[in-house]
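The values are calculated or read from the model by the stated rules, or taken from the named source; none is laboratory data. Source: prediction; values computed, not measured. Using ideal geometry, Cβ is built from the backbone for each residue, glycine included, and neighbour counts are taken over all protein chains shown. Surface accessibility is based on the protein's heavy atoms, side chains included, excluding ligands, DNA and RNA. Shrake-Rupley method; radii C 1.70, N 1.55, O 1.52, S 1.80 Å.
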Amino acid sequence: MSGVIIMPKTKLMKVRLGDNCMICNKRKPEGLQVVNTFICLSCESELVHSDEKDAVYHTYVKQVRTLSNNFI
């Protein structure tokens, strides 16, 4: 997701610094693009490894539910 891209026609460099994570709202260089949103690798890992009994699990569920609103 991050890196330097050289535009072929203009020979200008474009640096991509990452995207803001929809869960932690921090700018991260690597993660998942889901619909029009971004989930950083650390949040994705926590989401995958969290148990439904964990307090943070319900926070993740609320955030991920906003993704379904992008489909409608």
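Residue-by-condition table, conditions (1) at pLDDT 85 or above; (2) in contact with a strand residue (DSSP E or B) (Cβ under 8 Å, 6 or more places away or on another chain); (3) loosely packed, with under 13 Cβ neighbours inside 10 Å:
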| residue | (1), (2), (3) |
| --- | --- |
| Lys26 | yes, yes, yes |
| His49 | yes, no, yes |
| Glu52 | yes, no, yes |
| Lys62 | no, no, yes |
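Within the stretch 50-68, residues that are aromatic (Phe, Trp, Tyr) have Cβ atoms under 9 Å from residues that are open to solvent by 60 Å² or more (accessible area, probe 1.4 Å) and part of a helix (DSSP H, G or I) in these pairs: Tyr60/Glu46, counting only partners at least 6 apart in sequence or on another chain.
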